[in-house]
Structure formats: C-alpha cells, structure tokens
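Asks: Let me give you the structure first, and then I'll get to my questions.
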Amino acid sequence: MRKAIARDTILDAATIVAQRDGASRLTIEAVAREVGLSKAGLLYTFSSKDALMSALLERMIDKFSARVCPNEGKSERGCSDMRAKLDAMLGLMGEDMPLAHAILVAGAHNPALLDPLRNHIAEETREVLEGLSDPVGALVLLSAMDGMLLQHLLGLPPTDPELRRQMLERIEVMISEFEVRS
C-alpha cells in the first residue's frame, strides 16, 4: 500500500510542476524536488520520464472517464452521452490543461506514449456510435469537440472568448437536436 501512496504523491507533484512551471519544465529532477525525493528515489517508482508521463496520461484518462461516466456504465444510456463528454472536455480545457499540454509534448517526443489515449478514444467512439440511427452526425459532433479541445490546447484560433462561447452554444444545440433524433 505504501508504494501506491508514493506513486500518487509523485503524480500529484508532477501535476503541480506542470501547472505551475509549464510543460517544458516537467522533468524528473523538478518532480523529485517538488515531492522531496532524490532523483534516484523517484526513478525507483518511475524508471523514466516516459514511465512518469504514461502514468500521468493514465490518470488523466481515468479522470476524464469518471467525468463522462460517473456510474461506470450503469446509466440508462451507458457511457455514450455526448453532453457528458462535452462537460468532461470543458473540464479538461480548464483545470487539467497544463497536464494535457505536458502529455502532448511528451507524445510528440515519443508517439507511442499516446497509444493508451488512442485506444481510449477509439473505444469511446465505438460506444457512442453503436446502435445510433445517425452515427455520422454523432461523429461530426465528436470531431467538433475534439477540434475545439485541440485548438485550445495548442492556442490556435479562435481564441476570442466570445467566439468560443458561441461555438459551445452551437454544439450544445446540435447535441440537443441529436438527442431528439436518436
């Protein structure tokens, strides 16, 4: 049990470093300093920066999934509710943004680090599309939400808050219309 506590403490410290200092400063040394361990002590739990980043990604996926489907798939609609996915995405665009950015940077360095995310997105997409009368419409909505998240993550236009608000309103309307049809 002690190892699990140490692991979570290190992941918490890595999140703090990413949020406070930015993605480029998320290093083994910085995390070790934040948590009060030696570099060797941190490397005992996470053998490399890639291992640390993989664990952070796994934690972020779990957090996102818990926001989308808090009852672990026991709801009437399962975990395919697009409104819940939009709400979870908005949460990611807020408090978890520095961590998401750090994971994206690590994935650019080592694309295989993003394999769990790719698998998670593929499974989520399959769940949403399964049994729908309009799977293409659902895929358009999911792609729009993914695009907004990526725009935000990379700081790409539109960055104007009013335009972003209008886009979110339009997506909300499209989700409502989609829910009525399905």
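Asks: Kirkwood hydrodynamic radius, the chain, all distinct C-alpha pairs: what's the number in Å?
Replies: So the Kirkwood estimate lands at 17.8 Å.
Asks: Continuing with the same structure: Can you give me the angle between helix 2-21 and the longest principal axis of the chain, using Cα atoms only, in degrees from 0 to 90, rounded to the nearest 10?
Replies: 70
Asks: For the chain, find the longest principal axis of its Cα atoms and tell me its angle to the long axis of helix 49-68, 0 to 90°, nearest 10.
Replies: Around 30 degrees separate the two axes.
Asks: Multiply the residue gap between Ala66 and Leu153 by 0.36 nm, knock off their C-alpha separation, and tell me the result in nm, one decimal place.
Replies: That works out to 29.2 nm of additional length.
Asks: Which number do you get for Rg(Cα) / (2.2 N^0.38 Å) in segment 95-135?
Replies: For segment 95-135, the normalised Cα radius of gyration is 1.52.
Asks: Continuing with this model, one more query. Can you compute the modelled spin-label distance between Met167 and Leu43, with each label point 7 Å from Cα toward Cβ, in nm?
Replies: 4.2
Asks: Quote to one decimal, in nm, the extra length available between Leu139 and Ala122 on full extension: 0.36 nm per residue of separation minus the C-alpha distance between them.
Replies: Gain on stretching Leu139 to Ala122: 5.0 nm.
Asks: Mind counting lysine pairs for me in the chain? Cα separation below 25 Å, and the two need to be 8 or more apart along the chain or on different chains.
Replies: 8
Asks: Another question about this same structure. Enumerate the calculated ³J(HN,Hα) couplings along segment 105-119 in order (Karplus 6.51 cos²θ - 1.76 cosθ + 1.60, θ = phi - 60°), each rounded to whole Hz, writing x wherever the residue is Gly or Pro.
Replies: For segment 105-119, the Karplus curve yields 4, 5, x, 5, 6, 9, x, 5, 4, 8, 4, x, 5, 4, 5 Hz.
Asks: Related question: Which value in deg cm²/dmol, rounded to the nearest 500, describes the helix-derived mean residue ellipticity at 222 nm for the chain, given -39,500 (n - 2.57) per DSSP H run of n ≥ 4 and division by the residue count?
Replies: The per-residue figure over the chain is -24500 deg cm²/dmol.
Every number in this text was worked out from the coordinates using simple rules, so none of it is lab data. Fair warning: this is a prediction, and the values are worked out from it, not measured in the lab. Quick reminder, even Gly has a Cβ in these numbers, built from the backbone with ideal geometry, and neighbours come from all protein chains shown.
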